[in-house]
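The values are calculated or read from the model by the stated rules, or taken from the named source; none is laboratory data. Not measured: the values here are computed from a predicted model. Please note: Cβ atoms are built from the backbone with ideal geometry, for glycine as well, and neighbour counts cover all protein chains shown. With ligands, DNA and RNA removed, areas are computed over all heavy atoms of the protein, side chains included. Shrake-Rupley method; radii C 1.70, N 1.55, O 1.52, S 1.80 Å.
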Amino acid sequence: MERKEKIYKYICHESYKPLTIKELAVVLDVPKSDYTKLLSLVEELLDEGKIVQSKKGRLKKASSQNIIYGTLRLTKTKNAFVTPDASFDGENEDIFIDRANVNFAFDGDTVSVRLLRSFKREENKSREGVVLKIVHRASDELTGTVDETAGRMIFVPDNASVDSGVISKDSINVDVHQKVVAKVLRFPDEKQAMKVRITEILGDDDNVATLIECVVREQKIPQQFSKESLKQTQNTPDVVSDDEIKSRVDFRSDRVITIDGEDARDLDDAVCVKKCDDGTYILYVHIADVSYYVGENTPIDLDAYERGTSVYLPDRVIPMLPRELSNGICSLNEGENRLTMSLEMHIDKNGDVFDYKLCEGVICSVHRMSYTLVSAMLDGDNEALARYEDIKEDIFNMKELAMILKERRRKCGAIDFSFPEPKIVLDENGEVSGVSVYETGVSNEIIEQFMLLANETIARYASKKELPFVYRVHEAPSVEKMATLQKYLSLFDIPFSIADMSKVEPSDIQSIVDSIKNTPKEAAISVLCLRSMMKARYTPENLGHFGLASDDYCHFTSPIRRYPDLLIHRMLRESIKKGITQNRKMHLTSFVERAALQSSETEIRAVDAERMADKVCACLYMKQFIGEEFDALISSVTDFGLFVEIDGCIEGLVPMAQLSDDYYVYEEEFMQLRGEKNGRVFALGDEVRVRLICSDARLRRIDFEIADMTKKRAATPKKASYYKADKNKKKKEDAKKSFRKFTSKKTRRKR
């Protein structure tokens, strides 16, 4: 542990009493020769906002002074949320920062935040704060668009707390409406604007590839592998040797198949099912043995740790591993020998695993199946059944077993949200030709159920063995969130009565989901339920998975595209082959903590990038429909407008300014907007007819208006002080008119 971290942990300890720096030096037994170094480390902690110093010079942890240190994330509206640093002991929920209090912090910056004491903590409300100091800038590189104002070119950043920046004279030559990369020469403050130098031109601001590249740059996703990784990749064999096979369990005589999407190239899981005479099943889940080729602390491993996960975008995949591995020797390609970590599970008629075995294996996939092909076979397609006659029985056994496992999971109370996933279709020129909902069927269900069971079984194995491990956890929702959900559900007359909200079960949430199936408000209420849940994350502690109603869960089945899976494989192999010594266990435990946090952060980064890229494509696609009308569903109600959803895959905003027939008031307790004069209500889950008025891919924004609103918006009600001023003004004007009439008559009489 570094000295600075030791000092900070000591100051944060519950038994610590505030000390001066000199007293701290005495307590920590710091030699006089190291006193200057101690001063330097304390100053760094003060600068970072982790500790504060009282007027008497005593040091305290920042959180004890209502000051919190964390990472800032900007929203589209330039408001922000700060995620507290993991080292803080208090509440770890995000802190809301109004755009007026962001104080020139940019997305990803490390900041110190002072909590607003005046802020009233209400249900479903975040704590609120003010950015005091920018401790560390996340980057001095931004993506943005070159625009023009008053005959002068300016830089408009994609994701920053300021609207524009001055372009320096030493920038490369650029044109208006080009997407560019800029280096920040001067960050903005109260006295001066941001100044940037344009360093790279990405392309036009209406091009799919260019806009997605901006997303990748904005999220700071690594795209290039290190030279050392590429060299290691070149030295990795592209075939499995006989010597490698000898020490493994040979499954090559089994009818092992892969089932994936048509365009998948990294096939990391294969399955085989055998039905026994007594009605039980043997399920084999074979996972690509990536850890055999990617050793600990090797260049490829270090790059994979930094990336955390593969990122799947509409026009590209940014892989966690070099393609020669992810699409080559590690991919379970049809007809090729491949090394695996193999899990053999014996399952009874109720779907319970009564015996299992984990080993290093070798397979040769007999068929590379797609979800479409398997669905065709299950639907009785004669051509597909004839073509894959050798595995026909296996496919139907797989469906049978998957349904048993699904029913078992349902009885345990697992929550089954069915949110539509958008599918972006690009034509041969890379342009967006369609946006639809990704269709899933029984074939997807087969693989999902098999992988869930494998992940649970491996987590149970690791927990019993007390291995240093990375678990995938999903904690039970808080009492406050459940109380808020109960209040909102009552608006829809949906019963949700639980005596003790601290003991809510997954089955309680699933009962809500079941009650709204195939109703108009299903999507909206499902979102409400989801928002009441905690976020799933990676951690070394086995805290269970609430959503899956599982006591043990991990990610084991995708080591080609997720780092936690790769790390787990490495520890499983070590456990199987030679066991883990106590010293080794201590080392791994420390690394697992860091890897779990890193993997959670990179997962969030990848999800954000994928959503942004989908939004870019949706904006480009919808641009051709400006002026057209659509049936939509209100998916969210806010104080700045209505979010509406079309066909479950296109979401946009009806801004408050577009509600033009009345003055609308936001009634948060009812999740609705109500017109003051006409009483018209727009509530969550309502169906509305909307007209598209704007689709801006650069801003990633789609705006609608309510189709039947043609009247001018009613004037905002004035305060009493305004009425008094108007009354006085009218009196003066009447007096002036009377005076003019009087002087006019007098003049006429004289004449």
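Please specify each residue of region 483-526 satisfying the condition of being touching a strand residue (DSSP E or B) at 6+ places or on another chain (Cβ under 7 Å) and either modelled with pLDDT of 85 or more or in a loop (DSSP other than H, G, I, E, B) (or both). Give the derivation first.
Kept after step one, since they are touching a strand residue (DSSP E or B) at 6+ places or on another chain (Cβ under 7 Å), are these residues of region 483-526: 520, 523-524.
Of everything in region 483-526, just one residue is touching a strand residue (DSSP E or B) at 6+ places or on another chain (Cβ under 7 Å) and either modelled with pLDDT of 85 or more or in a loop (DSSP other than H, G, I, E, B) (or both), namely Pro520.
Condition first: over 19 Å from His474 (Cα atoms) and either over 26 Å from the mean Cα position of the chain (by Cα) or of a type outside the set (S, T, N, Q) (or both). Now tell me which residues in region 434-455 satisfy that.
At the first step, the residues of region 434-455 found to be over 19 Å from His474 (Cα atoms) are 434-447, 450.
Listed by number, the residues that qualify are Gly434, Val435, Val437, Tyr438, Glu439, Gly441, Val442, Ser443, Glu445, Ile446, Ile447, Phe450.
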Quick check: anything in region 538-561 free of Cβ contacts under 8 Å to residues at least 60 places away in the same chain, open to solvent by 10 Å² or more (accessible area, probe 1.4 Å) and either under 30 Å from Asp205 (Cα atoms) or within 21 Å of the chain's Cα centre (by Cα) (or both)? no
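Hey, could you check region 506-532 for residues that are of a type outside the set (D, E, K, R) and without any contact (Cβ under 8 Å) to a residue 60 or more places away in the chain and say which is farthest from Arg460 (Cα to Cα)?
Among them, the one singled out is Thr519.
Would a scan of region 225-235 turn up a residue that is open to solvent by 30 Å² or more (accessible area, probe 1.4 Å), of a type in the set (Gly, Ala, Ser), within 30 Å of Thr340 (Cα to Cα) and outside any helix (DSSP H, G or I)? I'd like the intermediate steps shown before the answer.
Applying the first criterion (open to solvent by 30 Å² or more (accessible area, probe 1.4 Å)) to region 225-235 yields 225-228, 230-232, 234-235.
Retained after the next criterion (residues that are of a type in the set (Gly, Ala, Ser)): 226.
Those still in the list that are within 30 Å of Thr340 (Cα to Cα) too: 226.
Keeping just the survivors that are outside any helix (DSSP H, G or I) gives 226.
Yes, that holds for at least one residue.
Restricting the search to region 160-177, which residues are free of Cβ contacts under 8 Å to residues at least 60 places away in the same chain, under 20 Å from Ala105 (Cα atoms), open to solvent by less than 30 Å² (accessible area, probe 1.4 Å) and among the small types (Gly, Ala, Ser)?
Step one: of region 160-177, the residues free of Cβ contacts under 8 Å to residues at least 60 places away in the same chain are 162-177.
Then drop every residue that is not under 20 Å from Ala105 (Cα atoms), which leaves 162-167.
Filter again for open to solvent by less than 30 Å² (accessible area, probe 1.4 Å), leaving 162, 165.
Of everything in region 160-177, just one residue is free of Cβ contacts under 8 Å to residues at least 60 places away in the same chain, under 20 Å from Ala105 (Cα atoms), open to solvent by less than 30 Å² (accessible area, probe 1.4 Å) and among the small types (Gly, Ala, Ser), namely Gly165.
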Which residue pairs have Cβ atoms closer than 6 Å, lie 6 or more positions apart in sequence or on different chains, and pair a first residue in region 22-47 that is under 27 Å from Ile134 (Cα atoms) with a second residue that is assigned to a helix (DSSP H, G or I) and open to solvent by less than 40 Å² (accessible area, probe 1.4 Å)? Leu38/Ala25; Leu41/Ile7; Val42/Ile21; Leu45/Tyr8
Whichever residue in region 289-313 is in contact with a strand residue (DSSP E or B) (Cβ under 6 Å, 6 or more places away or on another chain) and of a type outside the set (Ser, Thr, Tyr) and, among such residues, is farthest from Leu343 (Cα to Cα): Val311
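Rundown of residues vs (1) open to solvent by 40 Å² or more (accessible area, probe 1.4 Å); (2) farther than 28 Å from Tyr312 by Cα; (3) modelled with pLDDT under 95, yes/no style:
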{"position": "Lys392", "(1), (2), (3)": "yes, yes, no"}
{"position": "Asn397", "(1), (2), (3)": "no, yes, no"}
{"position": "Val437", "(1), (2), (3)": "yes, no, yes"}
{"position": "Ala454", "(1), (2), (3)": "no, no, no"}
Does Lys191 count as in a loop (DSSP other than H, G, I, E, B), free of Cβ contacts under 8 Å to residues at least 24 places away in the same chain and basic (Lys, Arg)? yes
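What do you reckon, is Ser490 touching a helix residue (DSSP H, G or I) at 6+ places or on another chain (Cβ under 6 Å), exposed (fewer than 13 other Cβ atoms within 10 Å of the Cβ) and of a type in the set (Ser, Thr, Tyr)? Spell out the reasoning first.
On the way: touching a helix residue (DSSP H, G or I) at 6+ places or on another chain (Cβ under 6 Å): no; exposed (fewer than 13 other Cβ atoms within 10 Å of the Cβ): yes; of a type in the set (Ser, Thr, Tyr): yes.
No.
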Kindly list, by first and then second residue, each pair from a residue in region 439-466 that is more than 19 Å from Ala549 (Cβ to Cβ) to a residue that is of a type in the set (Ser, Thr, Tyr) and modelled with pLDDT of 95 or more, limited to pairs with Cβ atoms under 7 Å and residues at least 6 apart or on different chains. Gly441/Tyr371; Gly441/Ser375; Val442/Ser375; Ser443/Tyr371; Ser443/Ser375; Asn444/Tyr371
Over region 200-224, the set of residues free of Cβ contacts under 8 Å to residues at least 40 places away in the same chain, open to solvent by 60 Å² or more (accessible area, probe 1.4 Å) and over 30 Å from Asn297 (Cα atoms) is Glu200, Ile201, Asp204
Being among the polar types (S, T, N, Q), within 22 Å of Tyr438 (Cβ to Cβ) and open to solvent by less than 20 Å² (accessible area, probe 1.4 Å) narrows it down to one residue among Ser291, Ser310; which is it? Ser310
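Within region 34-80, considering only strands (runs of 3 or more DSSP E) that don't extend past its boundaries, which have at least 1 residues that are at pLDDT 85 or above?
Values: elements: 51-53, 59-61, 67-74.
Once the strands (runs of 3 or more DSSP E) in region 34-80 are filtered for at least 1 residues that are at pLDDT 85 or above, what remains is 59-61, 67-74.
Of the residues Gly351, Gly413, which single one is in contact (Cβ under 8 Å) with a residue 40 or more places away in the chain, touching a Leu at 6+ places or on another chain (Cβ under 7 Å) and open to solvent by less than 20 Å² (accessible area, probe 1.4 Å)?
On the way: Gly413 fails: touching a Leu at 6+ places or on another chain (Cβ under 7 Å).
One residue alone meets the criteria, Gly351.
Looking at region 625-645, which of the residues that are out of contact with any helix residue (DSSP H, G or I) (no Cβ under 9 Å at 6 or more places or on another chain) and within 23 Å of Thr75 (Cα to Cα) is surrounded by the most Cβ atoms within 10 Å (Cβ to Cβ)? So that I can check it myself, show each step before the final result.
Within region 625-645, the subset out of contact with any helix residue (DSSP H, G or I) (no Cβ under 9 Å at 6 or more places or on another chain) is 625-632, 643-644.
Among the residues that remain, those that are also within 23 Å of Thr75 (Cα to Cα) are: 643-644.
Working: Phe643: 19, Val644: 25.
Checked region 625-645; the qualifying residue surrounded by the most Cβ atoms within 10 Å (Cβ to Cβ) is Val644.
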Pick out the one residue from Gly90, Gly129 that is under 30 Å from Gln486 (Cβ atoms), at pLDDT 90 or above and touching a helix residue (DSSP H, G or I) at 6+ places or on another chain (Cβ under 8 Å). Gly129
Search result, residues across region 325-375 that are of a type outside the set (Gly, Ala, Ser) and part of a loop (DSSP other than H, G, I, E, B): Cys330, Leu332, Asn333, Glu334, Glu336, Asp348, Lys349, Asn350, Asp352, Val366
Region 291-318 residues that are over 28 Å from Lys615 (Cβ atoms), paired with ones that are among the acidic types (Asp, Glu) and modelled with pLDDT of 95 or more (beta carbon under 6 Å, 6 or more apart): Val294/Asp301; Pro299/Glu228
Does His569 satisfy being closer than 24 Å to Glu456 by Cβ, in contact (Cβ under 8 Å) with a residue 40 or more places away in the chain, open to solvent by less than 30 Å² (accessible area, probe 1.4 Å) and assigned to a loop (DSSP other than H, G, I, E, B)? no
